[in-house]
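Before any comments, here is the structure.
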Amino acid sequence: MKNKKELFQAPLIEISSDAVDEIKRHVAACPDHETGGILLGHSASEEKKIVEMATGPGPKALHSKRYFVRDTSYCQSVYERHFYQNGWEYIGDWHSHTRCHAFRGLPLECPNFPSAGDVMTLDAVLHDKDYDFDAFLMLLALPSRSGINIKVYVEKREGICEVPYVVV
Ligand SMILES: [Zn+2]
């Protein structure tokens with residue numbers, strides 16, 4: 001019997017430097033609350049994803065220290081524009097987690113992995129019949145002392161897994 005790792009072939013992820021810059025710009029502008037947006041690009045195959053662009057959250061997004069709700073109609077309109085202009089598809093979401101902060105004088109660890117809520121959201125997208133995803137990306141932007149770290153996760157029917165990526 002194959003183990004989970006053999007069943008789960010990690011996709012090749014390429015992220016444009018424009019998308020990375022845009023994410024870092026939004027996170028730097030909103031360091032104390034979560035922010036995010038959607039990822040547009042190409043799903044060349046189940047095993048290859050190219051992120052061309054990351055949107056911002058939109059003017060009606062809700063930001064808090066612990067969660068973020070994007071402005072869906074804003075993200076939808078950006079997606080539609082780029083779908084018609086460039087043929088870019090909706091291939092994933094991104095959001096930030098807030099910097100470490102103290103609670104009653106005790107330092108809290110930065111959650112540098114998807115929360116239970118993040119995983120449930122991904123599951124819901126993957127199993128939504130309105131979409132037809134074989135794999136869906138979730139990018140986390142994690143502020144640290146040395147800058148903003150980006151981690152990429154992919155949700156497939158087999159489960160969720162952190163995957164390596166290259167910036168192009
Ligand atoms: Zn999260």
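Nothing in this text is a laboratory measurement; each read-out follows from the coordinates by a stated rule. If you're wondering where the values come from, they're calculated on a predicted model, not measured in any experiment. Methodologically, a virtual Cβ is constructed for each residue, glycine included, from the backbone with ideal geometry; neighbour enumeration extends over all protein chains shown.
When each of the peptides 19-26, 91-98, 139-146 is scored by how many other beta carbons lie within 10 Å of its residues on average, the order from highest to lowest is 91-98, 19-26, 139-146. Could you tell me the number of lysine pairs in segment 10-167 with C-alpha atoms less than 26 Å from each other, where the two lysines are 8 or more residues apart or belong to different chains? Taking segment 10-167 as the scope, the lysine pair count is 14. Other residues within the sphere of radius under 9 Å centred on the Cβ of Leu137, judged by their own Cβ, net out at -1 (K and R +1, D and E -1). Ranking Ile23, Ser146, Pro164 by Cα position along the charge dipole of the chain, where only Lys, Arg, Asp and Glu carry charges on their C-beta atoms, puts Ser146 farthest toward the positive end. Considering only beta bridges that DSSP places wholly inside segment 10-167, some 70 percent are antiparallel. When Rg and Dmax are taken over the Cα atoms of the chain, they come to 15.9, 51 Å. Think of it as helices only: each DSSP H run of n ≥ 4 in the chain is worth -39500 (n - 2.57), and spread over all residues that comes to -7500 deg cm²/dmol at 222 nm.
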